Amino acid sequence: MARQMTEESDTTTSFAQRLLAWFDLSGRHDLPWQQGKTAYRVWLSEIMLQQTQVQTVIPYFERFIQSFPTIQDLACASEDEVLHLWTGLGYYARARNLHRTAQRVTQDLDGHFPRTVEALEELPGIGRSTAGAIASLAMGIRAPILDGNVKRVIARHDAVAGWPGSAKTLAELWRLSEKYTPFERVDDYTQGVMDLGATVCTRQSPGCTACPLRATCRAFQRDEQAHYPGRKPRKTLPERQTCFLILQRPDGAVLLEKRPSPGIWGGLWCFPETATPERTPATLEPLLPNGQQPLQALDSIQHSFSHYRLTILPFVMAIGQPTEVVAEVDSVRWIRPGSDVAVGLPAPVSQILDTLLQQQ
Ligand code: SF4
């Protein structure tokens, strides 16, 4: 037993030491959020990096910092401004939670992030791993993390079977992440283990020959890198269909309405929908006024959410006198394709606006 514990301690120490040595030589040291590091910059980058790769995040991060240099600036912005800058990053709940957390920190915490993982986790959009990353990267507090890259590194290194989304596998990965997290240089270690997963222990083709963990990696020793982490059990996503009704004025402007929040695409601007089968454009056409041009069908669009797949059937309805049809209010606007609108748009809406612009 004593021997086993000693071996485990040796491995624990050397895991972090080897990782830190690798980080010093080969890790990433010039990411924008690593310069002038603050809890605000680290938090902003960590929220953007959830589900999104570094190269995609960098220009978004830079635009956010330019528009909102401080957390107070972000807290004071309108939700539309925040969602507008987020457009294209997806998973818009992250942007809404970002805004709420900025307001909470500014109003209730005197502009300072709390300094414990537990208190950080109470803020909107901050889970255990993000809290650990903020604590370790920005504050030097020893706290484990377990983002997608780290799950992959640890699952392979220790041959942890099972899908990381299952409670049992997740608990084991957290246990190991906690075990490997060192007491010193925790900020560099956290950055290093994330970097290793992103640049060496990649999903498709891990570069084991360049990996500092190779000597103790069980997946490498068994040539079973592709077995870890275990895959999510296959589940067929339900299919749904909706029609976008695109009202278009003679000057090209189209009608968008702000979607209620919370909900799918909450707070983003979208075309009116006719989701129910009895209100498809085919059934609407007979109801159109005399002289109304027929609806123009655009190519359908497939869009995947985490829990269902959506087929969007866009139909353009050319209209004559817009002000008699609908006036602008806070949640309804006429927007010309190609104009710089400072609101958030779901990807399919941006795609349709591009199509309409090309048609002009
Ligand atoms: S040796 Fe290969 S599989 Fe193991 S942690 Fe390193 S890159 Fe990943």
* Which percent, to the nearest 5, of DSSP beta bridges fully inside the chain are antiparallel? -> 60 percent
* region 129-244 shape via C-alpha gyration tensor axes, a/c threshold 1.5 -> oblate
* Structure fact -> For the pair ALA318 and ASP330, the simple spin-label estimate (label points 7 Å beyond Cα toward Cβ) gives in nm 3.6 nm
* Structure fact -> Full extension between ALA215 and GLU257 adds, at 0.36 nm per residue less the Cα distance, a length in nm of 9.4 nm
* Structure fact -> Of all C-alpha pairs within region 55-197, those more than 24 angstrom apart amount in percent to 40 percent
* With no solvent and one equal point scatterer placed on each C-alpha of the chain, evaluate the Debye formula and give log10 I(q)/I(0) for q = 0.08, 0.12, 0.15 Å⁻¹, two decimals. => -0.52, -0.97, -1.25
* To do: Using R₀ = 45 Å, calculate the FRET efficiency as 1/(1 + (r/R₀)^6) where r is the Cβ-Cβ separation of GLU122 and GLN296; round to 0.05.
  => 0.35
* To do: Please turn the phi angles of region 24-33 into ³J(HN,Hα) values with the Karplus equation 6.51 cos²θ - 1.76 cosθ + 1.60 (θ = phi - 60°), one per residue in order, whole Hz, x for glycine and proline.
  => 4, 8, 10, x, 8, 10, 10, 6, x, 7
* Structure fact -> Phi angles of region 146-152, converted by Karplus (6.51 cos²θ - 1.76 cosθ + 1.60, θ = phi - 60°) into ³J(HN,Hα) in whole Hz with x for Gly and Pro, give 7, 7, x, 5, 6, 4, 5
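Using a Förster distance of 56 Å, how high is the FRET efficiency between SER350 and PHE183, based on the Cβ-Cβ distance and rounded to 0.05?
Step by step, r from the Cβ atoms, then E = 0.75.
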* Asked: Taking only protein heavy atoms and a 1.4 Å probe, what accessible area per residue, in Å², does the chain have with all protein chains in place?
  -> 52 Å²
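FRET efficiency for SER205 and ARG231, Cβ-Cβ distance as r, R0 = 30 Å, nearest 0.05? Please report the intermediate quantities before stating the final value.
Details: r = 17 Å, r/R0 = 0.57.
Approximately 0.95, to the nearest 0.05.
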* **Amide hydrogen neighbours beyond the local backbone of VAL332, cut-off 5 Å, H modeled** => LYS258
* To do: Once you have all Cα-Cα distances for region 63-105, histogram them in 10 Å bins from zero and send the whole-percent values.
  => 31, 62, 7
* To do: Give me the distance in nm between label points sitting 7 Å out from Cα along the Cα-to-Cβ direction at GLN107 and TRP163, one decimal.
  => 3.9 nm
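Working out 0.36 nm times the residue gap between ILE58 and GLN359, then minus their Cα-Cα distance, what length gain in nm do you get to one decimal?
Once the chain is fully extended between ILE58 and GLN359, it gains 105.1 nm.
Got a number for carbon plus sulfur as a percent of region 2-227's accessible area, 1.4 Å probe? It would help to have the intermediate numbers written out before the result.
Numbers: 5320 of 10760 Å².
Exposed carbon and sulfur together represent 49 percent of the surface.
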* Using modelled backbone amide H atoms (1.01 Å from N, in-plane), which distant-in-sequence or interchain residues come within less than 5 Å of CYS243's amide H? -> THR274, ALA275, LEU313
* Report the charge-dipole magnitude of the chain in Debye, nearest 20, computed about the Cα centre from +1 at each Lys and Arg Cβ and -1 at each Asp and Glu Cβ. => 1180 debye
* Taking the chain, how many lysine pairs are there with alpha carbons less than 14 Å apart, if each pair must be eight or more places apart or span two chains? -> 4
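The values are calculated or read from the model by the stated rules, or taken from the named source; none is laboratory data. It should be emphasised that the depicted structure is a prediction, and the values quoted were computed from it without experimental measurement. Note that each Cβ is placed from the backbone with ideal geometry, even for glycine, and that neighbours are counted across all protein chains shown. These accessible areas exclude ligands, DNA and RNA; they are computed on the full protein's heavy atoms, side chains included. Shrake-Rupley method; radii C 1.70, N 1.55, O 1.52, S 1.80 Å.
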